[in-house]
């Protein structure tokens, strides 16, 4: 499957981050080294979690990017629900 086989290019993600930052999304940095570091850090945490279940992969795979994206949606969505509940 392409999700497992393909790798993510940090330059592509950096371009997306820069476009989103231009539209007002707050990012700590839009430099490619920072984006790559974030990708590697978040991806490696997911890889280590998967390794505990016997799944071997690397941080730069599309599947890892998808998992990181879904985790982020869950965290951000949860924060919205908590904020609405406190009003």
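The values are calculated or read from the model by the stated rules, or taken from the named source; none is laboratory data. No experiment lies behind these values; they were computed from the predicted model shown. In this analysis, Cβ positions are derived from the backbone assuming ideal geometry, glycine residues included, and neighbour counts consider all displayed protein chains.
Brief remarks follow.
- Selection of the range 55-66 for residues being without any contact (Cβ under 8 Å) to a residue 60 or more places away in the chain and surrounded by 13 or more Cβ atoms within 10 Å (Cβ to Cβ) yields 57, 59, 60, 61, 64, 65.
- Residue match in the range 2-16 (condition: assigned to a loop (DSSP other than H, G, I, E, B) and within 15 Å of the chain's Cα centre (by Cα)): yes
- Residue in the range 73-85 that is in a helix (DSSP H, G or I), within 11 Å of the chain's Cα centre (by Cα), at negative phi and modelled with pLDDT of 95 or more present: no
- Within the range 30-54, the set of residues being in a loop (DSSP other than H, G, I, E, B) and either surrounded by 11 or more Cβ atoms within 10 Å (Cβ to Cβ) or modelled with pLDDT under 95 (or both) comprises 30, 31.
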